[in-house]
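One structure is given below, encoded as structure tokens.
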Amino acid sequence: MATPSIPAGGHSDPTRRDFLMVATGSLAAVGAAATAWPFINNLNPAADTLALASVEVNVSPIQVGQAITVNWRGQPLFIRHRTAQEIKEADAVPLSELRDPQTDNSRVTDLAKKVRPEWLIMVGVCTHLGCVPLGNKPGQPKGPYGGWFCPCHGSAYDTSGRIRVGPAPKNLVIPPYLFTSDTIVKVG
Amino acid sequence: MASSHGTPPVFNNKVIAWIDHRLPIFSYLEKEYHTFPTPRNFNYFWNFGAIATVMLVLMIATGVVLATNYQPNVLMAFDSVERIDRDVPQGWLIRDLHMNGASFFFIAVYIHIFRGMYYGSYKAPRELLWILGVVIFLLLMATAFMGYVLPWGQMSFWGATVITNLFSAIPVVGQSVVDWLWGGFAVENPTLNRFFAFHYLLPFIIVAVVALHVVALHVHGSNNPLGIDPKGPQDTVPFHPYYTMKDGFGVMIFLIIYAGFVFFAPDYLGHPDNYIPANPLVTPDHIVPEWYFLPFYAILRAIPDKLGGVLAMFGAIGVLFVLPWLDTSRVRSCTFRPIYKWFMYLLVIDVVILGICGANPPEGWYVPLAQLATLYYFFHFLILLPILGKIERPLPLPPSIADAVLKQKAG
Amino acid sequence: MRKSMKRLLVSGALALASLSAGAAAIAAGGEIKLPSKQWHFQGPFGTYDRSAAQRGYQVYQEVCAACHSMSLMYYRNLMALGLTEGQVKSLIKDIQVPDLNDDGQPIERPAKLSDRFKSPFPNALAAAAANNGKAPPDLSVIAKARAGGPDYLYGLLIGYVPYDKLTPQQIKEFDVSKDDNFNKYFPGHKIGMAPPLADDKVTYADGTKATLDQEASDVTQFLAWAAEPHMEARKRTGVRVILFLLALAGLMYAVKRSVWADKH
């Protein structure tokens, strides 16, 4: 409504007035933009939410061949203590066979670039449409590639959590994590 | 897009012209907010309509954002407000704006109301405009009251208890009405829950009534400090840029004072007890409503009878609805009413005295003072106004607005 | 017309001034005059004295926390007092908080940064039962929840008068017995809380001498910070906002003057 373009009909000093109008309009626009920011920023994750954005997990109780599920940022986090056989299988797959080519090593490296092939840590959310794949608990179907199997639309993941068959486009996501000691891993 | 009074606007911008041909919003804005002929002699009291509008928009904007983090549940409400204050990014800012915004909205509205009274803006042909304004005022009070309950502190809880109990004064069905308001047998979770729902709803109804208020305003145009109608183009100026700029300046000054409170004394207008979580078993020593209710609270307590007090309190607002017909004077502006003018100042002082009485415990000389002030309040509207209009001899009115403005410039 | 408007303004301003004076009289909570101390956080540019507030946390943790919860505070909040993550972790390393294990059984585990301050009692009823029927108030926002704010808290902590120092008139007027705690600044003077602080009640890590006055002042500053951790951001933002509004108001006034130049 208050556009600064005003006809100057009959006023004493139109140039000075136009300049003032433009300056005022610009400053008001800056003010409006600066005012909008707190309203937008208000909807960002709050400090109490951010404080839970990283979790520390003690992995020492997880036996070889077992896996646990941890709640991380409201999503399931899969932590699997892989057997030597599983690691070997994952390593042996040629990249050309993969829909989303990633080496197994690149998926078991923490933020300090240390490779721990026995620990596979992934977000347990199918990259197709967000279901939680089966296979993390004993007795659940692991699918044709011995990893995870999504019951919603039949995506199957291998022992490195890589997509092998089904509609999912990507491998299961590896979150940023860091082993702060041999038994404590900090995720997020 | 320049145009003068009367001629339909021509839009050079093709998109604007295309839209306007189908949906004449630009013609409407042009007519109502650009070329709209407005008396040229407004003083700064005429800023407060625009200021109140700015506050309404600000309250809705901050309120909607607050609602995204607030929890209307008795177990969580207090903590969720503190979470907004502590953990939500810039949540403290939004909350302080909202909390103090209520007070400043009322400041603007009260000045707006007294301006209307002083200059006789309620008189024919603006009676419905005035009545719509009183409706807005009532809705505003309801919204503010329910909003104050939401943080679920001690004052929230006991304020809600006391105010809702007013309705128990209604003969026969009183208690049923109160139980219905509460959704239970005390102010409890259902009460908080519904107050939140209505606190969110009412502002949008206020927006609708404000729209009607503006429509009514633009039928006959604004009143002005002289209270005489414009007689031609020499008495008016186009609304834009003359009053957009003047309103803009007034809004800025108002916002500076508001910002002073928001950023440097955010809790000054509040009460410390509202930082104590609600406790239904312990009543605070001294319950006071928010400052903007104090005059009416004083009237409530001034009458030593439950039903009488409630009726007086609602009557104090109800009397405003019939103000246009209580005032029998044909002169609008107090500028030309040498006697009534002083009674108008007295009314302002009277309302402030009522406010002070409302803020203090009903003991000692506050009791007779509140009763005297209540008496004057009703005397002013119900007896003084009808009689004085008949007997007062007004000063001669100037022939036109332009004439008065030019004379003032010369003098 | 101008004159009448001015008169209306003046009467309005007078009225507002008297109204705020009335409100202030209530806020002061009666006739007891609180000690007024020059706090570091006062005034439009005041900030929290971080080291005083850190010492205050120590006083809270070692003395007050035995009875008073601070349930709105998280241990992570202490990092805003100028402590590093490691320092806070070492401060809380011995604190055990209740939780449930994977089988739903109640357990105690070491406190984490994302935990709220541990409450001394499991719930309000238990707190009341352990304290002669009245639960000690939560201290999270106590600095905002009492008339007088920090001055009141500080006064309360240093305001105890032993029974033998009371005048006979005081004893009579307030009906004080030997077992009562008399406090100069508590409304009604008889307070349930025994004098919580004394000289050398804590040993400060930074070598500050722990007098009663020092402890009271430190813990008051900690509680003031806890009640409003964002105060510094609030004042900083306020200075910027008001400067901006002043500039815009100045420009608006110039525009308004030039627009109206030919009409006045």
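So here's what we get for this one:
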| item | result |
| --- | --- |
| Length gained when the stretch B:ILE16-B:ILE387 is fully extended (0.36 nm per residue, less Cα-Cα span) | 128.1 nm |
| Placed amide H near C:TYR74: partners under 5 Å, 5+ positions off or other chain | C:PHE117 |
| Within chain B, longest stretch free of exposed trypsin sites (Lys or Arg not before Pro) [DSSP loop, at most 14 other beta carbons within 10 Å] | B:1-230 |
| Test item: Cα-centred dipole of chain A, Lys/Arg +1 and Asp/Glu -1 on Cβ, debye | 160 |
| Listed residues B:PRO280, B:PRO394, B:PRO37, most fluctuating in chain B (Gaussian network, C-alpha, under 10 Å) | B:PRO280 |
| Table column - 3J(HN,Hα) (Hz), the stretch C:221-230, Karplus curve with 6.51, -1.76, 1.60, x for Gly and Pro | 5, 5, 5, 5, 5, 4, 6, 8, x, 9 |
| Listed residues A:PRO76, A:PRO14, A:PRO45, most fluctuating in chain A (Gaussian network, C-alpha, under 10 Å) | A:PRO14 |
| Per-residue ³J(HN,Hα) for the stretch B:142-157, Karplus 6.51 cos²θ - 1.76 cosθ + 1.60, θ = phi - 60°, Hz, x for Gly and Pro | 4, 5, 5, 4, 5, x, 5, 6, 4, x, 6, x, 4, 5, 4, 5 |
| Carbon/sulfur fraction of accessible area - the protein assembly as shown, other protein chains in place, 1.4 Å, % | 65 |
| Alpha-carbon centroids, the stretch B:384-411 and the stretch B:184-201: separation in whole Å | 50 |
| Average silhouette area of the stretch B:294-399, convex hull of alpha-carbon atoms, in square nanometres | 7.0 |
| Selected from A:LEU134, A:LEU120, A:THR24, residue furthest toward positive end of dipole (chain A; charges at beta carbon) | A:LEU134 |
| Accessible area that becomes buried as B packs against A, both chains, 1.4 Å probe, Å², nearest 100 | 1700 |
| Relative contact order (percent, whole number), chain B, Cα cutoff 8 Å, 6+ residue spacing | 22 |
| Prolate/oblate/rounded label for the stretch B:14-160 (Cα gyration tensor, a/c 1.5) | oblate |
| 5 angstrom amide H check on C:THR211, placed H, neighbours 5+ away | C:ASP200 |
| Nearest-20 debye value, the protein assembly as shown charge dipole, Cβ charges on Lys, Arg, Asp, Glu | 2680 |
| Simple spin-label estimate for B:LEU372 and A:LEU129 in nanometres, 7 Å along Cα-Cβ | 7.8 |
| Contact order normalised by residue count of chain C, Cα under 8 Å, 6+ apart, percent | 23 |
| Amide hydrogen neighbours beyond the local backbone of A:PHE179, cut-off 5 Å, H modeled | A:LEU111, A:ALA112, A:LYS186 |
| Loop sites in the stretch B:145-200: chymotrypsin sites (Phe, Trp or Tyr not before Pro), DSSP, at most 14 other Cβ within 10 Å | B:PHE185 |
| Alpha-carbon centroids, the stretch B:212-261 and the stretch C:123-201: separation in whole Å | 56 |
| Probe 1.4 Å - accessible area at B:TRP18, Å² to nearest ten | 150 |
| Phi to ³J(HN,Hα) by Karplus 6.51 cos²θ - 1.76 cosθ + 1.60 over the stretch B:241-255, Hz, x for Gly, Pro | x, 4, 8, 4, 6, 5, 4, x, 4, x, 4, 4, 4, 4, 5 |
| Buried on assembly, the stretch C:141-161 (at least 30 Å² less accessible surface than by itself, 1.4 Å probe) | C:VAL141, C:LYS144, C:ALA145 |
| The stretch A:84-188: trypsin sites (Lys or Arg not before Pro) in DSSP loop, at most 12 other beta carbons within 10 Å | A:LYS113, A:LYS114 |
| The stretch C:157-264: GluC sites (Glu not before Pro) in DSSP loop, at most 11 other beta carbons within 10 Å | none |
| Sorted largest first, extent of the protein assembly as shown alpha carbons per principal axis (Å) | 106, 90, 60 |
| Mean separation of Cα contacts under 8 Å (6+ apart) over length of chain A, as relative contact order % | 18 |
| C:GLU108 accessible area, 1.4 Å probe, all protein chains in place, Å² to nearest 10 | 110 |
| Helix-only CD estimate at 222 nm, as mean residue ellipticity for chain A, using -39500 (n - 2.57) per DSSP H run (n ≥ 4) | -7000 deg cm²/dmol |
| Accessible area (Å², per residue) of the stretch B:77-156, counting only protein heavy atoms and a probe of 1.4 Å | 24 |
| Flagged links, alpha-carbon separation over 20 Å, of B:LYS246/C:LYS235; A:LYS142/A:LYS170; A:LYS88/A:LYS142 | B:LYS246/C:LYS235 |
| Extension gain from C:HIS40 to C:ASP180, taking 0.36 nm per residue of separation minus the Cα-Cα distance | 47.0 nm |
| List A:THR24, C:THR84, ordered by accessible area with a 1.4 Å probe, largest first | C:THR84, A:THR24 |
| Added length on full extension, which subtracts the Cα-Cα distance from 0.36 nm per residue, B:ILE256 to B:PHE185 | 21.1 nm |
| For chain A: span of alpha carbons on each principal axis (Å, largest first) | 90, 36, 28 |
| A:ASN71 paired with A:THR103, simple spin-label distance in nm, labels 7 Å along Cα-to-beta-carbon | 3.8 |
| Net charge of neighbours whose Cβ lies under 15 Å from the Cβ of B:THR244, counting Lys and Arg as +1 and Asp and Glu as -1 | +4 |
| Cα lying deepest toward the dipole's positive end in the protein assembly as shown, options C:GLY159, C:ILE32, C:ALA128, charges on Cβ | C:ILE32 |
| Accessible area buried at the C-A interface, both sides summed, 1.4 Å probe (Å², nearest 100) | 1300 |
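The values are calculated or read from the model by the stated rules, or taken from the named source; none is laboratory data. These numbers come from a predicted model, not from an experiment. Cβ atoms come from the backbone with ideal geometry, glycine included; neighbour counts cover every protein chain shown. The accessibility values were calculated without ligands, DNA or RNA, using every heavy atom of the protein model including side chains. Shrake-Rupley method; radii C 1.70, N 1.55, O 1.52, S 1.80 Å.
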